[in-house]
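Engineer: Next up is a structure, given as structure tokens.
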Amino acid sequence: MRLALFDLDNTLLGGDSDHAWGDYLCERGILDGAAYKARNDEFYQDYLAGKLDNEAYLNFSMAIFGRTDRAELDQWHRDFMRDRVEGLMLPKAIALLDKHRQAGDTLVIITATNRVVTAPIAQKLGVEHLIATECEMIEGRYTGKVTDVPCFREGKVTRLTRWMAENGHTLDDSYFYSDSLNDLPLLEQVTHPVAVDPDPNLRAEALKRGWPVISLRD
């Protein structure tokens, strides 16, 4: 069965769920608004520029998971879905998912954002398979640390390769939709790379390589 792979933030969503999550926790007074938001914005600009120190970012963004009971995290996320994520859902993205679903493709969201933030979003979008950065859990409680290979840049290829071996898939006639030059390692592996509302660097690369450039926002 053909694979249709989708980045999540700024591709299927009209925004970045990880960045929005941090902002939301600041707005609710759960995190120190001024200090956290300033650092969160710095990391986000580094991401857009393709120079993110991912280990430093993950340690920063996931620390709250280790300080909070899972039930409380789940409630925060339900509120986040209602107050922020539903407003980021794009009708054209949902239609694109439906197009691949109706074609009999296997849909996979593959994202650098952690599973705590993204699993409910994937479920809301009706996508069964999610490959995300994994959050360490010990005795039912998150530690605030990463486990496994972070699903970022070359790590996406590593994690997808393992997932395909475990689930009997290949990249024959595969699609991957992404907005970011950070996803170039995986875009180069698939049969049909598609730039979606791309950042300037990916747009330039896509045009140079003759890859399709589409918008799910206009």
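The values are calculated or read from the model by the stated rules, or taken from the named source; none is laboratory data. The shown structure was predicted, so the numbers you read here are calculated from the model rather than taken from an experiment. Backbone-built Cβ (ideal geometry, glycine too); neighbour counts: all protein chains shown. Remember, those area values only see protein heavy atoms, side chains included, never the ligands or the DNA or RNA. Shrake-Rupley method; radii C 1.70, N 1.55, O 1.52, S 1.80 Å.
Engineer: With a 1.4 Å probe and every protein chain left in place, work out the accessible area per residue of the chain in Å², rounded to a whole number.
Structural biologist: Accessible area per residue: 46 Å².
Engineer: Evaluate the charge dipole of segment 4-117 about its Cα centre and quote only its size in Debye, nearest 20, assuming +1 on the Cβ of each Lys and Arg and -1 on the Cβ of each Asp and Glu. Before the final figure, lay out the partial values.
Structural biologist: Working: 13 positive and 20 negative charges, 60 e Å.
So the magnitude is around 280 debye.
Engineer: Once fully extended, how much extra length lies between ASP173 and ALA38, figured as 0.36 nm per residue of separation less the alpha-carbon to alpha-carbon distance? If you can, show how the numbers build up before the last one.
Structural biologist: Working: separation 135, 0.36 × 135 = 48.60 nm, distance 4.23 nm.
Difference between extended and current length: 44.4 nm.
Engineer: To the nearest 10 Å², what's LYS156's accessible area with a 1.4 Å probe?
Structural biologist: Surface accessible to solvent at LYS156 totals approximately 10 Å².
Engineer: I would also like to ask the following. Which percent of the accessible area of the chain is formed by carbon and sulfur heavy atoms (probe 1.4 angstrom)?
Structural biologist: Numbers: 4900 of 10090 Å².
Ligands and nucleic acids excluded, carbon and sulfur give 49 percent.
Engineer: Over the chain, with a Gaussian network built from C-alpha contacts below 10 Å, which listed residue (ASN54, ASN182, ASN114) shows the highest mean-square fluctuation?
Structural biologist: Taking springs between Cα atoms under 10 Å, the residue moving most is ASN54.
Engineer: Treating the beta-carbon of each Lys and Arg as +1 and of each Asp and Glu as -1, no other charges, what is the dipole magnitude of the chain about its Cα centre, to the nearest 20 debye? The partial results should precede the final answer.
Structural biologist: Numbers: 25 positive and 36 negative charges, 57 e Å.
Computed charge dipole of the chain: roughly 280 debye.
Engineer: For segment 3-214, restrict the atom set to alpha-carbon positions and state the Rg and Dmax in Å.
Structural biologist: So, for segment 3-214, Rg and Dmax equal 16.7, 50 Å respectively.
Engineer: Considering only PRO193, PRO120, PRO150, give the residue with the highest GNM mean-square fluctuation for the chain, with springs between Cα atoms whenever their separation is below 10 Å.
Structural biologist: Highest fluctuation of the listed residues: PRO120.
Engineer: Using R₀ = 25 Å, calculate the FRET efficiency as 1/(1 + (r/R₀)^6) where r is the Cβ-Cβ separation of ASP98 and VAL213; round to 0.05. Walk me through the numbers before you get to the answer.
Structural biologist: Values: r = 21 Å, r/R0 = 0.85.
That gives a FRET efficiency of 0.75.
Engineer: Could you work out the relative contact order of segment 3-214, using alpha carbon pairs under 8 angstrom and six or more residues apart, expressed as a whole percent?
Structural biologist: Numbers: 314 pairs, mean separation 49.6, N = 212.
It comes to 23 percent, rounded to a whole number.
Engineer: In a GNM of the chain with a 10 Å cut-off on Cα contacts, which of LYS145, LYS92, LYS208 has the highest mean-square fluctuation?
Structural biologist: Among LYS145, LYS92, LYS208, the largest GNM mean-square fluctuation belongs to LYS208.
Engineer: Taking segment 144-214, how much of its Cα-Cα pair set, in percent, is spaced more than 15 angstrom apart? Working shown, then result.
Structural biologist: On the way: 1371 of 2485 pairs.
Looking at segment 144-214, the distances longer than 15 Å represent 55 percent of pairs.
Engineer: Charges only on Cβ, +1 for Lys and Arg, -1 for Asp and Glu: so what's the dipole of segment 128-208 about the Cα centre, in debye to the nearest 20? All intermediate terms of the calculation are to be shown ahead of the outcome.
Structural biologist: Working: 8 positive and 15 negative charges, 41 e Å.
Charge dipole, segment 128-208, about its Cα centre: 200 debye, nearest 20.
Engineer: Distance from the Cα centre of segment 128-165 to that of segment 20-99, in angstrom?
Structural biologist: Result: 17 Å between the Cα centres.
Engineer: Among ALA71, THR11, LEU58, whose Cα lies farthest out toward the positive end of the dipole of segment 3-214, if unit charges sit on the beta carbon of Lys, Arg (+1) and Asp, Glu (-1)?
Structural biologist: Selected residue: THR11.
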